[in-house]
Amino acid sequence: AQSVTQLDSQVPVFEEAPVELRCNYSSSVSVYLFWYVQYPNQGLQLLLKYLSGSTLVESINGFEAEFNKSQTSFHLRKPSVHISDTAEYFCAVSPIQNNAGGTSYGKLTFGQGTILTVHP
Amino acid sequence: EAGVAQSPRYKIIEKRQSVAFWCNPISGHATLYWYQQILGQGPKLLIQFQNNGVVDDSQLPKDRFSAERLKGVDSTLKIQPAKLEDSAVYLCASSPFRPGRGGNTEAFFGQGTRLTVV
């Protein structure tokens, strides 16, 4: 079984300030790690993912996250936020599994979410 | 490419009534998921289908919830009878199925159906 803890339920910041959204996980098996974003009145969108290789992963809009296996963490950072980054962010894990010869990582365990509010 | 379609977007029912939600996944996606997102919480997986077969329904409250995926494409999730605590957003997601490891099998989510039980 897996569990995900997002340490902050709400994070208010001013525009152009740096931000870090914290995520810790627990799992008895190896997992893939994800950050999803949910903008107001929209569905969940994948922001970035860690599957293997370099522990630092980046998104196209300036977010990055670093997988730390020893601390079982996958914190999300951005050096300078914009008003448009206001949204709810969810950290999630998926067990590395092989279903009948294939892989599918939509079987996700989510954290409770962090609401990021960027003020002008 | 069309995304995951869900309907209705909103539904209000009285407790003990029945309700059904519909999901049309992205064309060609073999895997389909239903999640329940209660206000203030992250989504929780209810059921996973692989084509028209159930892979995991361990968190589905089977005394009142049921789901089917006829012909391995569209899926319906039903609640009968509904309780107040079923008020939530019900999310459908789909992903392709790729043999072997390393394939990109990201899950794509629909906008969800917001259910209010009064």
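The values are calculated or read from the model by the stated rules, or taken from the named source; none is laboratory data. If you're wondering where the values come from, they're calculated on a predicted model, not measured in any experiment. So basically every Cβ, Gly included, is an ideal-geometry build from the backbone, and we count neighbours across all protein chains shown. Surface areas here come from the heavy atoms of the whole protein model, side chains and all, with no ligands, DNA or RNA. Shrake-Rupley method; radii C 1.70, N 1.55, O 1.52, S 1.80 Å.
On average, how many beta carbons from a partner chain sit within 10 Å of the beta carbon of a residue in A:106-116?
5
When chain A is treated as a GNM, springs tying every alpha-carbon pair under 10 Å, which of A:49, A:78, A:107 comes out with the largest mean-square fluctuation?
Answer for the Gaussian network model of chain A: A:107.
Through the Karplus equation 6.51 cos²θ - 1.76 cosθ + 1.60, θ set to phi - 60°, convert the phi angles of region B:16-26 into ³J(HN,Hα) values in whole Hz; use x for Gly and Pro.
6, 7, 9, 8, 9, 10, 10, 9, 10, x, 5
Give me P(r) over chain A, computed from all C-alpha to C-alpha distances, binned every 5 Å, as integer percentages.
Percent of Cα pairs in each bin: 2, 12, 22, 25, 19, 11, 6, 2, 1, 0, 0.
Counting only protein heavy atoms and a 1.4 Å probe, tell me what percentage of region A:2-119's accessible area is made up of carbon and sulfur.
Carbon and sulfur: 49 percent of the exposed surface of region A:2-119.
So what is the relative contact order of region A:2-120, in percent, for Cα pairs below 8 Å that sit 6 or more residues apart?
Numbers: 287 pairs, mean separation 44.1, N = 119.
Relative contact order of region A:2-120: 37 percent.
How many angstrom separate the Cα center of region A:42-75 from the Cα center of region B:48-118?
What the calculation gives is 25 Å, centre to centre.
How large is the accessible surface of residue A:77 in square angstrom, using a 1.4 angstrom probe and rounding to the nearest 10?
80
Any idea of the accessible area per residue across region A:2-119, 1.4 Å probe, to the nearest Å²?
Result: 45 Å² per residue.
Could you order peptides B:62-72, B:86-96, A:37-47 by the average number of other Cβ atoms within 10 Å of their residues, highest first?
Order by mean packing, descending: B:86-96, A:37-47, B:62-72.
What is the count of Lys pairs in chain B whose alpha carbons sit under 15 Å apart, if the two are 8 or more places apart or on different chains?
So the count works out to 6.
In terms of solvent-accessible area of protein heavy atoms at a 1.4 angstrom probe, what is the ranking of B:75, A:27, highest value first?
A:27, B:75
Computed on alpha carbon atoms, what radius of gyration and Dmax characterise region B:13-93, expressed in Å?
12.4, 37
When Rg is the radius of gyration of the Cα atoms in the protein assembly as shown and Rh is its Kirkwood radius, what does Rg/Rh come to?
That ratio equals 0.97.
Tell me the label-point distance for the pair residue A:1, residue A:58, using the 7 Å Cα-to-Cβ offset, in nm and rounded to one decimal.
3.9
What quantity of accessible surface, computed with a 1.4 Å probe and excluding non-protein components, is buried in total between chains A and B, in Å² to the nearest 100?
2000
Name the GluC sites (Glu not before Pro) in region A:16-72 that are in a loop by DSSP and that have at most 12 other C-beta atoms within 10 Å, would you?
Filter output for region A:16-72: A:16.
When Cβ neighbours within 10 Å are restricted to other protein chains, what is their mean count per residue of peptide B:106-112?
Counting other chains' Cβ atoms within 10 Å and averaging over B:106-112 gives 6.
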